[in-house]
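Participant: Quick one: structure below, then a few questions.
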Amino acid sequence: MRGFASFILLVACWASNASAYSVGFDQVQLYTDSDRPLKASVWYPSQTTFPIERIAENAAFLGTDVVRVGTPLAGKFPLVVISHGYRGNWRNQNWLATKLAQDGFVVASLDHLGTTSFDHSPQAAAQWWQRAGDLSRLLDWLLNESYLLPNIDANNVTAIGHSLGGWTVMLLAGAQFDRDQLKQECVLKNNPRVCGLMTELGLDQPQIGEPTGSLKDERIKRVVSLDLGLARSLSRQSLQVLTVPTLILAAGVDIGDLPQAEESGFLAQYLPKNTYEYIVYPDAAHFSFMQLCKPGAIEMIEEEEPGDGIVCQDGNWRTRDELHQVMHRDIIRFIQAP
């Protein structure tokens, strides 16, 4: 019986992989004539299946296999936009974007100026509202100008964000930044990894050009927060009236930031009860939502930047690959729900 069960599992896995879409991938420079140009990365179901190319891979991290500029598959597919974390980049959630494209989604991500690995401009970083604006501008291109426009279901749009990206997508869902509330919270619990970023991110005092009111983008129908940060800067009042369905995924392993109960849990405490789902992975750390690390990556990263090897550390129960499988399952179930 054990051998038969193993055979059935093998067949099921083969059938699942066989039904997955081939993934096309492209990168496009947007708004090059503005003071905030964007570089968009897009993944999509492709009718072209070769040649295969490995993207987002380096000495420390594993990438994924795609078809560079593959011909888009005919049909309308739901859209997902992804926002990376503080000083991250589009590669961090490439694993998730590829999986979602295999599932039949068009996915797009970008690098946020000022808070990406490739741009540490203090002036850009302090314009905190621009992160949400980046995703709205990305949607403008996707839904009005992109060659993928015929393949996108404009009425089925999800925004996913990790860490500071989670904060960004909550702004797009209608949560509002409250500077006074954040200052009060940082008096009560002054965590350097959270409150210490206030000045760099322009959160300590009003900035030139700073908007007032909501940054909500009505085109976004649901959001997914991946272990967000700065939750205590989102006004309680705005969270209490937020109606966009929200999936809150949290890491249970504390790496020295605020415990997830005071970040992701802050959202769950104030969002209306019928609007969100809240899942904690007890053996996931903050960076478990990033790409897979290669063997020896921790040592390699530590040699170059002491302390940064933490990006490859997870809990002791499941591997990052196993965690990704569970995360993907929870995300796909949420965004496919009627």
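Participant: Given (1) in contact with a Cys (Cβ under 9 Å, 6 or more places away or on another chain); (2) of a type in the set (D, E, K, R); (3) closer than 20 Å to Ala125 by Cα; (4) surrounded by fewer than 16 Cβ atoms within 10 Å (Cβ to Cβ), where does Arg232 come up short, assuming only one miss?
Facilitator: All conditions pass for Arg232, except number (4).
Participant: Can you pull out every residue in region 188-213 that is modelled with pLDDT of 95 or more, surrounded by fewer than 12 Cβ atoms within 10 Å (Cβ to Cβ) and either within 22 Å of Gly307 (Cα to Cα) or hydrophobic (A, V, I, L, M, F, W, C) (or both)?
Facilitator: Listed by number, the list holds a single entry, Ile208.
Conditions tested, residue by residue: (1) among the hydrophobic types (A, V, I, L, M, F, W, C); (2) over 21 Å from Arg333 (Cβ atoms); (3) part of a helix (DSSP H, G or I).
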{"position": "Val66", "(1), (2), (3)": "yes, yes, no"}
{"position": "Gly70", "(1), (2), (3)": "no, yes, no"}
{"position": "Gly75", "(1), (2), (3)": "no, yes, no"}
{"position": "Val81", "(1), (2), (3)": "yes, no, no"}
{"position": "Tyr86", "(1), (2), (3)": "no, yes, no"}
{"position": "Arg91", "(1), (2), (3)": "no, yes, yes"}
{"position": "Trp95", "(1), (2), (3)": "yes, no, yes"}
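Participant: So is Val169 outside any loop (DSSP other than H, G, I, E, B), touching a strand residue (DSSP E or B) at 6+ places or on another chain (Cβ under 8 Å) and not hydroxyl-bearing (Ser, Thr, Tyr) or not?
Facilitator: When the stated conditions are applied, Val169 passes them.
Participant: Hey, does region 235-254 have a residue that's over 23 Å from Gly315 (Cα atoms), in a loop (DSSP other than H, G, I, E, B), of a type in the set (S, T, N, Q) and at pLDDT 95 or above? Don't jump to the end; show me each part of the working.
Facilitator: Of all residues in region 235-254, those over 23 Å from Gly315 (Cα atoms) come to 235-246.
Pick out the ones that are also in a loop (DSSP other than H, G, I, E, B) and you get 235, 241-245.
With of a type in the set (S, T, N, Q) added as a condition, the list becomes 235, 243.
Applying the additional criterion that residues be at pLDDT 95 or above yields 235, 243.
Yes, region 235-254 contains at least one residue that is over 23 Å from Gly315 (Cα atoms), in a loop (DSSP other than H, G, I, E, B), of a type in the set (S, T, N, Q) and at pLDDT 95 or above.
Participant: Could you tell me whether Leu73 is in contact with an Asp or Glu (Cβ under 9 Å, 6 or more places away or on another chain) and surrounded by 14 or more Cβ atoms within 10 Å (Cβ to Cβ)?
Facilitator: Values: in contact with an Asp or Glu (Cβ under 9 Å, 6 or more places away or on another chain): no; surrounded by 14 or more Cβ atoms within 10 Å (Cβ to Cβ): yes.
For Leu73, the condition - in contact with an Asp or Glu (Cβ under 9 Å, 6 or more places away or on another chain) and surrounded by 14 or more Cβ atoms within 10 Å (Cβ to Cβ) - is not met.
Participant: I've got another one for you. Among the listed residues Ser146, Ser163, identify the single one that is of a type in the set (S, T, N, Q), surrounded by 19 or more Cβ atoms within 10 Å (Cβ to Cβ) and more than 18 Å from the chain's Cα centre (by Cα). Spell out the reasoning first.
Facilitator: Numbers: Ser163 fails: more than 18 Å from the chain's Cα centre (by Cα).
That would be Ser146, the only listed residue that is of a type in the set (S, T, N, Q), surrounded by 19 or more Cβ atoms within 10 Å (Cβ to Cβ) and more than 18 Å from the chain's Cα centre (by Cα).
Participant: Would you pick out the residues in region 258-281 that are in a loop (DSSP other than H, G, I, E, B) and either farther than 19 Å from Leu164 by Cβ or touching a Leu at 6+ places or on another chain (Cβ under 8 Å) (or both)?
Facilitator: At the first step, the residues of region 258-281 found to be in a loop (DSSP other than H, G, I, E, B) are 258-259, 263, 271-275.
Within region 258-281, Glu263, Leu271, Pro272, Lys273, Asn274, Thr275 qualify.
Participant: Determine whether Ala124 is surrounded by fewer than 21 Cβ atoms within 10 Å (Cβ to Cβ), at pLDDT 95 or above and either part of a helix (DSSP H, G or I) or of a type in the set (S, T, N, Q) (or both). Spell out how you get there, then give the answer.
Facilitator: Details: surrounded by fewer than 21 Cβ atoms within 10 Å (Cβ to Cβ): yes; at pLDDT 95 or above: yes; either part of a helix (DSSP H, G or I) or of a type in the set (S, T, N, Q) (or both): yes.
The answer is yes for Ala124.
The values are calculated or read from the model by the stated rules, or taken from the named source; none is laboratory data. Not measured: the values here are computed from a predicted model. Counting neighbours? That spans all protein chains shown, and the Cβs are built from the backbone with ideal geometry, glycine included.
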